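Report on the structure given below.
The values are calculated or read from the model by the stated rules, or taken from the named source; none is laboratory data. Predicted, not measured: the structure shown is a model, and the values here were computed from it. As a convention, Cβ positions derive from the backbone with ideal geometry for all residues, glycine included, and neighbour counts pool all protein chains shown. SASA here: full protein model, heavy atoms, side chains in, ligands and nucleic acids out. Shrake-Rupley method; radii C 1.70, N 1.55, O 1.52, S 1.80 Å.
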Amino acid sequence: MGFVGVNETRFFIKNENPKTQSLTFQEFYINGWNSYWLMEESVWVSSRFRVSKMLKRGAEMGLSVCRTWAFSDGGGPNDLQLLPGVFNERVFKGLDFVIVEARKHNIRLILSLVNNLKAYGGTAQYMRWAREAGTNVSSSRDAFFTNPTVKAYYKSFVKAIVTRKNSISGVKYSEEPAIFAWELINEPRCESSSSAAALQAWIAEMAGFVKSLDQKHLVTIGLEGFYGVEKTGNVGLNPGKWAASLGVDFIENSAIENIDFTSVHAYPHSWIKGGINSDARVDFLSHWVDSHISEAEKILKKPVLFTEVGFPSSIQKNGLYDRNIFLKIVYDKIYESAKKKKAGAGALVWQLLVEGMERYGDQFSFIAWKHPSTYKLMVEQSCRLLNISCLGNAS
C-alpha cells in the first residue's frame with residue numbers, strides 16, 4: 001500500500017518497488033464513506049467483528065476511503081483522552097485495530113482529530129479542562145482557537161496520535177500508509193464572523209504543527225464549504241444568510257499552504273429549512289458542487305473532496321429514493337470532473353452502518369446492502385472512478 005500525495009488538483013498513489021527502489025504514480029479518485037463509530041466499537045474485542053464487517057463490505061463495494069473519528073474527549077470509560085495528555089490505552093488499542101483492519105482490506109482512513117460539536121467532548125471539553133486547571137478562558141466557544149492553554153492541549157493530543165506506535169502492527173501512525181489524511185477539526189464554525197482571523201490563524205498554526213510531525217500524510221481542515229462575508233461574490237451560493245456569519249470561508253481557509261486538499265459537506269435537507277420542494281434542493285446541490293469544484297480548480301489549485309454528503313431515504317412520487325436522486329448528482333459531477341482530470345476528487349457518503357450499529361444512526365445513516373438501488377449506484381461510481389484511476393480510460 002503506497003502513500004497518497006497531491007499533484008496540483010489531483011491525488012495520486014506513490015508505489016515504490018523495493019527491489020528497484022523506483023517509484024510509480026497512479027491517479028487516485030475516491031469513492032468512500034463515513035463510519036464515525038469505528039474506534040468506539042473496537043474498544044471491546046467482542047464488538048470488533050462489526051468493524052471488520054464494515055471495512056470488508058466497504059471494500060467489496062469498491063470504496064477506497066473511510067472517514068472516522070480519532071477523538072473521544074472526556075472522562076468516560078470509552079473516551080480516548082481522559083484529561084489533557086492522559087489517554088485510555090484500551091481505547092487507543094481500539095484505534096490501532098481500526099487502522100490494521102483498514103489496511104487489511106486496502107481501505108485508507110481520514111482521521112478527524114477533534115469535534116467542533118459537543119458529541120464526544122469536542123472543543124467545549126478542551127475549554128472545560130482549561131477552566132478546571134485555573135486558566136482564565138473566555139465564555140465564547142471561539143476561545144478554542146485563541147487561548148494558549150487550550151491550543152497547547154490540542155497540540156499535545158495531536159502529537160500523541162500522530163507519533164503513536166501501533167500496538168498490533170508495530171508501525172508508527174506517521175509511517176502508516178492506511179492513513180490517508182489528518183483532518184484538523186470536524187466542521188469548524190465560530191460564534192461570530194469577527195473570529196474569522198482567529199480561525200484562519202489557528203488553521204495555519206495547526207496544519208504546520210501536524211506537518212512538523214509527519215511529512216508523509218496529507219492534511220485537510222474539515223470545512224463544510226461555506227463562504228464568508230468578505231467573499232461577496234460567492235455568499236449567494238450559501239444555503240442561507242446564516243452561513244456567511246460563521247467565521248469560515250472556503251477559499252481563504254483552504255488556501256493555507258499546509259492544507260493539501262479542500263473539504264466540503266453537503267446537507268441540502270438540513271441546511272435549507274421550510275417549505276422548500278425537492279427541486280429547489282436539487283438546484284442548490286448542483287450549484288454547490290459545481291462552484292466548489294470550479295474554485296478548487298481555478299483559484300485554489302488543490303483537489304476538493306466532498307467528505308460528507310448526506311441525504312434522507314424518503315421516496316418521491318415517481319418512486320425514486322430521495323437519496324439516490326441527490327447522490328447521483330454528486331457522483332455524476334465528480335465523474336465528469338475526473339474524466340477531464342479536474343479538481344473534483346471524490347465523495348464520501350454520510351454514513352454507513354452494519355447490523356447492530358443502529359444506535360449510531362441519524363436520518364442520513366443506512367445499511368447499504370439493505371438499499372439495493374443505492375448500493376448499485378455506489379458500486380457503479382466505484383467502478384467508473386477506478387476505471388479512470390487505473391486505466392486512464394473514461395469510457
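Condition first: aromatic (Phe, Trp, Tyr) and open to solvent by 40 Å² or more (accessible area, probe 1.4 Å). Can you find one or more residues in segment 124-146 that meet it? Within segment 124-146, not a single residue is aromatic (Phe, Trp, Tyr) and open to solvent by 40 Å² or more (accessible area, probe 1.4 Å). The number of residues in segment 185-197 that are in contact with a helix residue (DSSP H, G or I) (Cβ under 9 Å, 6 or more places away or on another chain) and open to solvent by less than 30 Å² (accessible area, probe 1.4 Å) comes to 6.
Could you list, in sequence order, the residues of segment 170-184 that are hydroxyl-bearing (Ser, Thr, Tyr) and either surrounded by fewer than 16 Cβ atoms within 10 Å (Cβ to Cβ) or over 13 Å from Leu95 (Cβ atoms) (or both)?
Once the filter is applied, which keeps residues that are hydroxyl-bearing (Ser, Thr, Tyr) and either surrounded by fewer than 16 Cβ atoms within 10 Å (Cβ to Cβ) or over 13 Å from Leu95 (Cβ atoms) (or both), segment 170-184 yields only Ser174.
Looking at segment 257-344, the helices (runs of 4 or more DSSP H) lying wholly inside it that each contain 3 or more residues that are modelled with pLDDT of 95 or more and surrounded by fewer than 23 Cβ atoms within 10 Å (Cβ to Cβ) sit at 278-295, 322-339. Do the conditions hold for Asn115, that is, is it under 19 Å from Trp69 (Cα atoms), in contact (Cβ under 8 Å) with a residue 24 or more places away in the chain and either touching a Ser or Thr at 6+ places or on another chain (Cβ under 7 Å) or buried (at least 21 other Cβ atoms within 10 Å of the Cβ) (or both)? Criteria met by Asn115.
Would it be correct to say that Ala207 is open to solvent by 10 Å² or more (accessible area, probe 1.4 Å) and closer than 13 Å to Asn253 by Cα? The answer is no for Ala207.
Every residue, every condition in (1) out of contact with any Phe, Trp or Tyr (no Cβ under 8 Å at 6 or more places or on another chain); (2) among the hydroxyl-bearing types (Ser, Thr, Tyr); (3) assigned to a loop (DSSP other than H, G, I, E, B), yes or no:
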{"site": "Ile168", "(1), (2), (3)": "no, no, yes"}
{"site": "Trp182", "(1), (2), (3)": "yes, no, no"}
{"site": "Arg189", "(1), (2), (3)": "yes, no, yes"}
{"site": "Ser195", "(1), (2), (3)": "no, yes, no"}
{"site": "Leu199", "(1), (2), (3)": "no, no, no"}
{"site": "Ile203", "(1), (2), (3)": "yes, no, no"}
{"site": "Gly208", "(1), (2), (3)": "yes, no, no"}
{"site": "Val219", "(1), (2), (3)": "no, no, no"}
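Of everything listed in (1) closer than 22 Å to Ala197 by Cβ; (2) among the hydrophobic types (A, V, I, L, M, F, W, C); (3) in contact with a strand residue (DSSP E or B) (Cβ under 8 Å, 6 or more places away or on another chain), the single unmet condition for Trp129 is (1).
Against the test of being at positive phi and either crowded, with 16+ Cβ neighbours inside 10 Å or in contact (Cβ under 8 Å) with a residue 40 or more places away in the chain (or both), the options Gly58, Gly94, Gly32, Gly74 yield a single qualifying residue, Gly74.
Restricting attention to segment 210-250, the residues being closer than 18 Å to Phe157 by Cβ and open to solvent by 10 Å² or more (accessible area, probe 1.4 Å) number 3.
Exactly one residue among Val51, Val91, Val65 is at pLDDT 95 or above, of a type in the set (Val, Ile, Thr) and touching a helix residue (DSSP H, G or I) at 6+ places or on another chain (Cβ under 6 Å), and that residue is Val51.
In the set (1) under 30 Å from Val100 (Cβ atoms); (2) open to solvent by less than 40 Å² (accessible area, probe 1.4 Å); (3) in a helix (DSSP H, G or I), the condition left unmet by Lys155 is number (2). I want to confirm something. Restricting to segment 374-392 and keeping residues that are of a type in the set (S, T, N, Q) and in contact with a strand residue (DSSP E or B) (Cβ under 9 Å, 6 or more places away or on another chain), which single residue is modelled with the lowest pLDDT? If we take residues in segment 374-392 being of a type in the set (S, T, N, Q) and in contact with a strand residue (DSSP E or B) (Cβ under 9 Å, 6 or more places away or on another chain), then Ser389 is modelled with the lowest pLDDT. Scanning segment 6-29 for residues that are farther than 18 Å from Cys390 by Cβ and within 20 Å of the chain's Cα centre (by Cα), which turns out least open to solvent (accessible area, probe 1.4 Å)? Checking each candidate, the answer is Thr9.
Residue-by-condition table, conditions (1) among the hydrophobic types (A, V, I, L, M, F, W, C); (2) at pLDDT below 95; (3) touching a Gly at 6+ places or on another chain (Cβ under 6 Å):
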site: Ser192; (1), (2), (3): no, yes, no
site: Ser195; (1), (2), (3): no, yes, yes
site: Trp202; (1), (2), (3): yes, no, no
site: Val210; (1), (2), (3): yes, no, no
site: Asp214; (1), (2), (3): no, no, no
site: Val219; (1), (2), (3): yes, no, no
site: Glu230; (1), (2), (3): no, yes, no
site: Trp242; (1), (2), (3): yes, yes, no
site: Phe250; (1), (2), (3): yes, no, yes
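Among the residues making up segment 345-373, a single one is among the hydroxyl-bearing types (Ser, Thr, Tyr), free of Cβ contacts under 8 Å to residues at least 60 places away in the same chain and in a helix (DSSP H, G or I): Ser373. The set of residues in segment 35-48 being hydroxyl-bearing (Ser, Thr, Tyr), modelled with pLDDT of 95 or more and open to solvent by less than 20 Å² (accessible area, probe 1.4 Å) consists of Ser35, Ser42.
Between a first residue in segment 1-12 that is among the acidic types (Asp, Glu) and a second residue that is surrounded by fewer than 16 Cβ atoms within 10 Å (Cβ to Cβ) and outside any strand (DSSP E or B), which pairs have beta carbons less than 8 Å apart while being 6 or more apart in sequence or on different chains? So the pair list comes out as Glu8/Lys301. Here Ser42 fulfils each of the conditions (1) under 28 Å from Lys376 (Cα atoms); (2) touching a Lys or Arg at 6+ places or on another chain (Cβ under 9 Å) apart from (1).
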